[in-house]
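Written below as structure tokens is the structure these notes are about.
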Amino acid sequence: MSNMKPNGPAYLPGDPTPAEQVDRIVRVDQAGEFGAVRIYAGQSAVLRRGPAADAVKEMAAQETQHLDTFDRQIAARRVRPTALGPFWHVAGYALGATTALLGEKAAMACTVAVEDVIDEHYANQLEALGDDETELREIITEFRDDELAHRDTGLAHGAEEAPGYPLLSTAVKGGSRLAIWLSERF
């Protein structure tokens with residue numbers, strides 16, 4: 001059983017136990033990596049050549065490795081995956097393809113927005129995890145560093161120059177936060 005750090009008031013009725021909280025972390029992180037793989041699949045279907053396409057392929061390969069790791073965590077810990085997998089399959093691909101259809105910079109803006117939310121999300125998880133979850137902490141720390149590198153790649157490829165960047169960024173961040181909330185619970 002995990003020893004989660006207290007994050008505010010004592011447990012209240014209906015709060016997840018420390019073990020349930022670890023299950024949520026594994027569930028949502030596996031769902032997030034699945035969503036990232038699908039976003040990059042959608043972007044790759046549209047962006048076929050050029051520097052942005054090459055960057056997407058590299059990031060997609062890394063996200064596939066992340067997904068494989070969390071698939072193994074799901075199995076080893078016997079955590080129920082999110083019930084929303086079929087939805088994330090379609091929604092992730094659609095988000096990737098749609099942003100890529102708006103142009104390379106919009107695709108990179110999508111990456112930057114998602115990775116900004118994931119950075120915050122992983123930081124919160126690291127703060128909440130107990131000391132007996134060393135392996136999970138190490139995985140999340142490593143993957144957070146990778147996600148920050150993806151954000152930097154998106155910025156280097158002109159994400160902030162995308163038409164309507166503030167609006168696009170706000171929409172993608174809002175959708176990412178909602179996906180996290182839903183995947184933790186369902």
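FYI, it's all coordinate maths here, none of it is from the lab. Just so it is clear, the structure is predicted and the values come from calculations on it, not from any experiment. Quick reminder, even Gly has a Cβ in these numbers, built from the backbone with ideal geometry, and neighbours come from all protein chains shown.
Here are some notes:
- Neighbourhood net charge (14 Å Cβ-Cβ; Lys/Arg +1, Asp/Glu -1) for Ala76: -1
- Net +/- balance of residues flanking Asp119 in space, Cβ distance below 9 Å, scoring K and R +1, D and E -1: -2
- Between the alpha-carbon centres of region 64-95 and region 163-184 there is a gap of 19 Å.
- The angle between the Cα long axis of helix 51-77 and the main principal axis of the chain comes to about 20°, on a 0 to 90 degree scale.
- If you wrap the chain in the convex hull of its Cα atoms and look at it from every side, the mean projected area works out to 10.2 nm².
- Choice from Pro166, Pro81, Pro18 showing the highest fluctuation, given a GNM over the chain with Cα pairs closer than 10 Å: Pro166
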